[in-house]
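> My structure is below; once you've seen it, I'll send some questions.
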Amino acid sequence: MMLGCVLVLTLLISACSQERVGRSSLSQIPPHEAKLEKVSYGSSEAVATAHPLATATARKILEDGGNAIDAAIAASLMLAVVRPQSTGIGGGGFLLFFDANRSTVRAYDFREWAPQKISADFYKLPKVRSQRCALDKPSVNGPHAVGVPGLIPGLVATHQAHGSLPWEMLVQPALEVARNGFTVYPALARAIEYRQAVLTCFESSRELFLPKGKPLEPGSVLVQENLARTLETLSKDPLDNWQKGRVGRDLIRALENEGSVMSAKDLEEYQVRQRQPLVFSFRNILIASFPPPSSGGVHLGQMLYMASMLTEKRNDVESNWFDEPILRHHWLAHIMRSAFSDRAHYLGDPHTATITPQELLATEYLDNKIRRLANTPPEEQRYDLPSESPETTHLSIIDRFGNAVSSTQTINTYFGSGMIAGDTGIVFNNEMDDFWTGGPNAFGLAGSQNNAPGPGKPPLSSMTPTLVLDPSVSPRTAVRLVIGSPGGPRIISATFLSLFNVLIRGLSLPEAVSEQRLHHQWNPDILYAESPSHALSRALERLGHHVEKSNFFGDVQAIGRMENQQLVAVSDQRSEGLSWAR
Ligand code: DON
């Protein structure tokens, strides 16, 4: 496998120039049931997101002449309204964009940063540890959990660089749904119930999600007037209003009132970073994924390489190991375990890292890992994975020009910090928990000093927005796959397994996404399996694994281009998202 951070793909730039799109006003979002499916087929454009209203919004923008970036911005803002447990303008994310016109991949990093006053031992300070409502875990709950949010600066940056419809038009659908309300679905109601202790602690969160002291029930209507007002303000001069205007001021005031160390300067100095996407070649195709501060691209590359090499009869492994469920679980668990051990030891802020992605992806290094695959030393300390339910969201879009967006966005765990900023309607993230603060984080992830908190640092992420590209065809049809998932560390395994199923096992995309999943993150030393049969669990135990049944394995949103050039968009059947294609 030849690896390299190749920014400009060696694709021929076709003569097709990007036609200017029309500026028709956005009429109504189509009823979200119309033509949306779990699996959709089309020939020119496709969308997969985690909520029908977000898919319908992206569809409408594409139908009204917008491009993939326009559709991604409008869908992201809609997800912020209808998935307040997962994402929002109080959070951040990563976005990969394949620009068919220039034949390049761009990687936008709008992940949260630590405020300037956060130091390595911040979470050990007594004043930080003692919180009102007796909230424990200050990196998870309340004001000290909040990183400087990046979603609005990120969306604005992508719009300025690649958008074609007016920004105001892209905000409108989300604004309308915030103002008029949407129906609470079971997963949202469960999330409110799950986090009610923290939500109850903060007045604005309590009023919105627990009116009359009780969690909202499925079928009730959630109207977010405050968020609608904020979106209205942000529909003009969004960056100014976010950083220095009304929204920014209200946001910082709300944090200061709760004792947060974040300041107006933190908000003003926040910058979206363009990273070099991590691009590696794999069997005649190119895979572009996210570099640090995400660990996703590195481990995706490691895992795909190891799995591919194992098909070439290494370690005396039968080359058809992946056809047989026991051997498949066994070797995939070892591959994941080996990659996640590197995550814990080496990765963190790319500006201070002592080891590069290229070193972790070097074939010599990986060949050596394969030789030791079944013997990756476990961590001494063993602990159970905390039961904190994870959240986040992913969206995948291809437009008629052949552009593609793969973006994962998050406020981290359910409702992030649990705090809504005063009367802005913005739910604050708890991304600070993705740093290593001495013990396992909300996902049970171990870490090292490489991922210690520090002023202006981004915490290490697992988000893995990914594009698979065929460099041998014209840019208009070069995108073979657009994929990603939520799930904390399970993002990496869900994305890897889906790609493994397509690229190595040869399954179709819908089959690949619905296949039984598993997850191993080195520590705790447990193989999490999705609905394993008794016989499978017993057989894996006999091979030395500690097997646990688990029921959360991400929510993949993916689009594939098949050999006949048709598009297939797939929204994971594990969740409530829907796809659309035409
Ligand atoms: O950046 C990360 O890796 C986490 N903050 C993502 C959290 C997440 O995916 C929760 N999941 N569903």
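> Within region 397-426, find all residues whose amide N lies under 16 Å from a label point positioned 7 Å from the Cα of ARG582 along Cα-to-beta-carbon.
Residues 398-402 qualify, since their backbone N sits under 16 Å from the label point.
> Now a separate question. Based on the Cα atoms of region 295-353, what semi-axes does the equivalent ellipsoid have, where each is the square root of 5 times one gyration tensor eigenvalue, given in whole Å with the largest first?
27, 10, 8
> Multiply the residue separation of GLU359 and GLU268 by 0.36 nm, subtract the distance between their alpha-carbon atoms, and state the gained length in nm to one decimal.
Net length gain for the segment: 29.3 nm.
> Can I ask one more? What is the Cα coordinate range of the chain on the first, second and third principal axes, sorted by size from largest, in whole angstrom?
Rounded to whole Å, the extents work out to 63, 61, 43 Å.
> Loop-only check: which trypsin sites (Lys or Arg not before Pro) in region 164-212 are DSSP coil with at most 16 other Cβ within 10 angstrom?
Passing sites in region 164-212 do not exist.
> Quick check: Cα centre of region 530-582 to Cα centre of region 209-261, how many Å?
A separation of 35 Å, based on Cα centres.
> Now a separate question. Among rounded, prolate and oblate, which fits region 352-511 when a ≥ b ≥ c are the square roots of the eigenvalues of its C-alpha gyration tensor, a/c under 1.5 means rounded, and a/b larger than b/c means prolate?
Oblate is the answer for region 352-511, as a/c is 1.5 or above yet b/c matches or exceeds a/b.
> How much net charge surrounds THR393 when only the other residues with a Cβ under 13 Å from the Cβ of THR393 are counted, with Lys and Arg +1 and Asp and Glu -1?
-3
> Which residues' amide hydrogens lie under 5 Å from the amide hydrogen of GLY444, considering only partners 5 or more residues apart or on another chain, with H built in the peptide plane?
Under 5 Å from the amide H of GLY444 lies no amide H from a residue far enough along the sequence or on another chain.
> Also, I was wondering about something else. If each residue of separation counts as 0.36 nm, what is the full-extension length gain between SER119 and ARG538 once their alpha-carbon separation is subtracted?
146.2 nm
> Then there is this: Can you give the helix-only mean residue ellipticity at 222 nm for the chain, where every DSSP H stretch with n ≥ 4 adds -39500 (n - 2.57) and the sum goes over all residues, rounded to the nearest 500 deg cm²/dmol?
Here the helix-only value at 222 nm equals -9500 deg cm²/dmol.
> May I ask you to compute the full-extension gain from GLN276 to ASP525, defined as 0.36 nm times their residue separation minus their alpha-carbon distance, rounded to one decimal in nm?
Here the segment from GLN276 to ASP525 would lengthen by 86.3 nm.
> Can I ask one more? Test of the criteria: in region 272-357, which trypsin sites (Lys or Arg not before Pro) are in a DSSP loop and have at most 12 other Cβ atoms within 10 angstrom of their Cβ?
ARG283, LYS313
> So if we plug the beta-carbon distance of ALA161 and ASP367 into 1/(1 + (r/R0)^6) with R0 = 35 Å, what FRET efficiency do we get, rounded to 0.05?
0.35
> Run the simple label-point estimate for SER508 and GLN449 please: 7 Å along Cα→C-beta, distance reported in nm.
5.4 nm
> Of LYS117/LYS236; LYS60/LYS236; LYS265/LYS457; LYS212/LYS236; LYS124/LYS457, which sit over 24 Å apart, Cα to Cα?
Too far apart for the 24 Å limit: LYS117/LYS236; LYS212/LYS236.
> Then there is this: How many angstrom lie between the Cα centre of region 396-469 and the Cα centre of region 73-130?
5 Å
> Roughly how many nanometres apart are two label points built 7 Å out from the Cα toward the Cβ at LYS35 and ASN180?
Computed distance between label sites LYS35 and ASN180 equals 1.9 nm.
> Scan around GLU548 for amide H atoms under 5 Å from its own, H built in the peptide plane at 1.01 Å from N, and keep only partners 5 or more places away or cross-chain.
Correct list: LEU527, TYR528, ALA529.
Values quoted throughout were computed directly from the atomic coordinates according to the rules given, and no laboratory measurement underlies them. Given the structure is predicted, the values throughout are model-derived calculations rather than measurements. Neighbour counts run over all protein chains shown; Cβ positions are idealised from the backbone, glycine included.
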